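A.B. asks: The structure is given below, and queries will be raised subsequently.
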Amino acid sequence: MKPIRLLSGMMTVGFWTLASRVLGVIREVVILALIGPGPVLDAFVAAFRLPNMFRRFFAEGAFNAAFVPMFSKRLEAGEDPLAFARDALSGLATVLLILSALAMVFMPALVVATAGGFIGDERFDLTVAYGRICFPYIFLISLAALFSGALNAGGHFAAAAAAPVFLNITVVLAMLAGHLMGGEVVLWLVWAVPVAGIIQLALVWIAAERAGLKVRPGRPVWNDEMKTLVRVAVPAALAGGVMQINLLVGQQVASQFDKAVGWLYAADRLYQLPLGVVGIAVGIVLLPDLSRRLKAGDDAGGRDAFSRAGEYALALTVPASVALVVIPLPLVSVLFERGATGADDSAAIAVAVAIYGLGLPAFVLQKVLQPLFFARENTKAPFRYAVVSMVVNAAAAIGLAPVLGWIAPAIATSAAAWSMVWLLARGSRDMGEVARFDSRFRARIWRIVLASVLMGGVLWGTQLLVGPFLAREGWRYLALLVLILVGMAAYGALGQMLGAFRLRDFANAFRRKRAS
């Protein structure tokens, strides 16, 4: 078995995901500056969430959980993986074409189901119009996910991780072009979405060809392999659907409050930055690695991969979580407060960022724990756990809204994430030692938490010192940069001193990545 270098792979995926998330923040900066919180932004967010909802349902849910382990095991055993990928591609494309056609016809019903608070005002018609333009993105990006899964299974992570960068580049360039040409910026934004999907699909398809994974579409077939794929994929898709229901419940609650959809969307983009860089990188690299090790009977290697994934993930995530809780307002005000976005908007977004920050380690731990189930082609248990988390989310969002108002969905999201982690950890007990963190992880985790808390104290003190400069137009960016660099330096020094991690582990992985 050609090994997948876990840390090196995580760094590759993390680098490109970081680039994508940074560009995503820039995208939100441009959106908030040129469009701003209000009915038009609410309509775009609701419309753009529709293809993304189904993308997570089909691509990141069903195909990440079902296709990648099955393709990885066939690749490891030499059991004609390309024929399997061809049949999966053909079947997926057929389902997506039917889904897209139905969605275009019944778009008003989809808007009612996902943003009922828009009924009776201008946001409803805008969302229907924008949704019909955006929705074909689901067809393009789900096919791209299949090629990305094949690349990841073969240990080729760069192209698949780089593809999302082009969505943000395309969208930002389109908005700037629309603004400079005096056009309606939101229309340029909406039309850029399917164009970006074409670019992303082309990139990973070409990369797969160059990697020797020549997958061609063919006539859809219904054979034993496709039956197994569907059997494994359906619970995963339902689990993905449950997670999307969580988002929709939050959107339904937020749609009852003015500007709340836009505020939560902006806050979501900030916490998605560390989540994407760490959590998604871990999930993408760990799943094919565990699948191939289980196929080869390497339980010791599987436990080491699982433990290192959890260790590296928390070493990077816990300090990010503390930072989001301690300094949310400086982050939000410097990044988003300009143009159509004012100080009141920044204050509201910052509250949501802090609450999402409390749930960030849970979101990442889900990415570490779920591969334990998916690598064994067990998607039913995660589905059951997702249903429980859906109930927690709905009860908290709907129950707290009359008391706490628009912020209730953010609280519900973090609470549901921690309930999901507890269920996944509890459900993995019967998997043996391979599903238990090793002694090195247990020795380091409390040191990671302590270093992060102490770093939070340093950040708080530094914020008081640079606070006056954060409010000055010519100094705000430099002041925020100083704040971030001080936090990083403090965590690095404290982590090394307390033994939370060894910087040479990351340096060695970086050298191996460059050498390869």
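The values are calculated or read from the model by the stated rules, or taken from the named source; none is laboratory data. A quick note: this is a predicted structure, and the numbers were derived from the prediction, not measured. Using ideal geometry, Cβ is built from the backbone for each residue, glycine included, and neighbour counts are taken over all protein chains shown.
A.B. asks: What is the residue count in region 356-368 for residues that are hydrophobic (A, V, I, L, M, F, W, C) and buried (at least 24 other Cβ atoms within 10 Å of the Cβ)? First the steps, then the outcome.
C.D. replies: Of region 356-368, the ones hydrophobic (A, V, I, L, M, F, W, C) are 358, 360, 362-365, 368.
Add one more test, that the residue is buried (at least 24 other Cβ atoms within 10 Å of the Cβ), and what stays is 360, 363-364, 368.
Result for region 356-368: 4.
A.B. asks: Asn246 passes all but one of (1) at pLDDT 75 or above; (2) under 14 Å from Ala410 (Cβ atoms); which number fails?
C.D. replies: (1)
A.B. asks: Also, I was wondering about something else. Inside region 118-227, counting only helices (runs of 4 or more DSSP H) that do not spill past its ends, which hold 2 or more residues that are farther than 30 Å from Glu377 by Cα?
C.D. replies: Answer list for region 118-227: 122-134, 158-180, 185-210.
A.B. asks: Continuing with this model, one more query. Do we have Thr94 as more than 18 Å from Ala233 (Cα to Cα), assigned to a helix (DSSP H, G or I) and in the same structural domain as Leu41 (by TED's automatic domain parsing) here?
C.D. replies: It is false that Thr94 is more than 18 Å from Ala233 (Cα to Cα), assigned to a helix (DSSP H, G or I) and in the same structural domain as Leu41 (by TED's automatic domain parsing).
For every residue, the table says whether it meets (1) assigned by TED's automatic domain parsing to the domain that holds Ala313; (2) out of contact with any helix residue (DSSP H, G or I) (no Cβ under 9 Å at 6 or more places or on another chain); (3) touching a residue at least 40 places away in the same chain (Cβ under 8 Å); (4) surrounded by fewer than 14 Cβ atoms within 10 Å (Cβ to Cβ).
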residue	(1), (2), (3), (4)
Ser452	no, no, yes, no
Glu473	no, yes, no, yes
Leu480	no, no, yes, no
Val486	no, no, no, no
Ala490	no, no, no, no
Leu494	no, no, yes, no
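A.B. asks: Also, I was wondering about something else. Starting from residues that are surrounded by 13 or more Cβ atoms within 10 Å (Cβ to Cβ) and aromatic (Phe, Trp, Tyr), keep the ones in region 434-450 and report whichever is nearest to Ala354 (Cα to Cα). Write out each step before concluding.
C.D. replies: Filtering region 434-450 down to residues surrounded by 13 or more Cβ atoms within 10 Å (Cβ to Cβ) leaves 434-438, 441, 444-445, 447-450.
Going one step further and asking which of them are aromatic (Phe, Trp, Tyr), we end up with 437, 441.
Details: Phe437: 29, Phe441: 27 Å.
Looking at the filtered set, the residue picked out is Phe441.
A.B. asks: Moving on. Just give me the residues in region 416-433 being buried (at least 21 other Cβ atoms within 10 Å of the Cβ) and among the small types (Gly, Ala, Ser), in sequence order.
C.D. replies: Correct list: Ala416, Ala417.
A.B. asks: Kindly indicate whether Leu470 is aliphatic (A, V, I, L, M) and modelled with pLDDT under 90.
C.D. replies: yes
A.B. asks: Right, here's the next one. Is there any pair linking a residue in region 102-126 that is farther than 14 Å from Gln251 by Cβ to one that is among the aromatic types (Phe, Trp, Tyr) and modelled with pLDDT of 85 or more, with Cβ under 6 Å and at least six apart or on different chains, and which?
C.D. replies: From region 102-126, the pairs are Ala103/Phe135.
A.B. asks: Right, another one. Look at Val111 and say whether it is within 26 Å of the chain's Cα centre (by Cα), of a type outside the set (Asp, Glu) and within 30 Å of Ile206 (Cα to Cα).
C.D. replies: So Val111 fails the test.
A.B. asks: In addition: Taking Lys380 and the conditions (1) over 30 Å from Arg231 (Cα atoms); (2) touching a helix residue (DSSP H, G or I) at 6+ places or on another chain (Cβ under 6 Å); (3) not small (Gly, Ala, Ser), which numbered condition does it fall short on, given that it satisfies the others?
C.D. replies: (1)
A.B. asks: Here's a follow-up. When region 319-340 is examined, which residues are found to be outside any loop (DSSP other than H, G, I, E, B) and not hydrophobic (A, V, I, L, M, F, W, C)?
C.D. replies: Passing the criteria: Pro319, Ser321, Pro328, Pro330, Ser333.
A.B. asks: Are there any pairs with C-beta distances below 9 angstrom linking a residue in region 231-256 that is not assigned by TED's automatic domain parsing to the domain that holds Gly117 and buried (at least 21 other Cβ atoms within 10 Å of the Cβ) to a residue that is modelled with pLDDT under 65 and not in a helix (DSSP H, G or I), with the two at least 6 apart or on different chains, and if so which?
C.D. replies: Between residues of region 231-256 that are not assigned by TED's automatic domain parsing to the domain that holds Gly117 and buried (at least 21 other Cβ atoms within 10 Å of the Cβ) and residues that are modelled with pLDDT under 65 and not in a helix (DSSP H, G or I), there is no close pair.
A.B. asks: Which one of Ile141, Ile133, Ile169 is closer than 29 Å to Phe257 by Cα, out of contact with any Asp or Glu (no Cβ under 9 Å at 6 or more places or on another chain) and in contact (Cβ under 8 Å) with a residue 40 or more places away in the chain?
C.D. replies: Values: Ile141 fails: closer than 29 Å to Phe257 by Cα; Ile169 fails: closer than 29 Å to Phe257 by Cα.
The conditions single out Ile133.
A.B. asks: So the check is Cβ under 8 Å with 6+ separation or different chains; which pairs have a first residue in region 323-337 that's over 15 Å from Leu464 (Cα atoms) and free of Cβ contacts under 8 Å to residues at least 12 places away in the same chain and a second one that's of a type outside the set (A, V, I, L, M) and part of a helix (DSSP H, G or I)?
C.D. replies: Pairs found: Glu337/Asp345; Glu337/Ser346.
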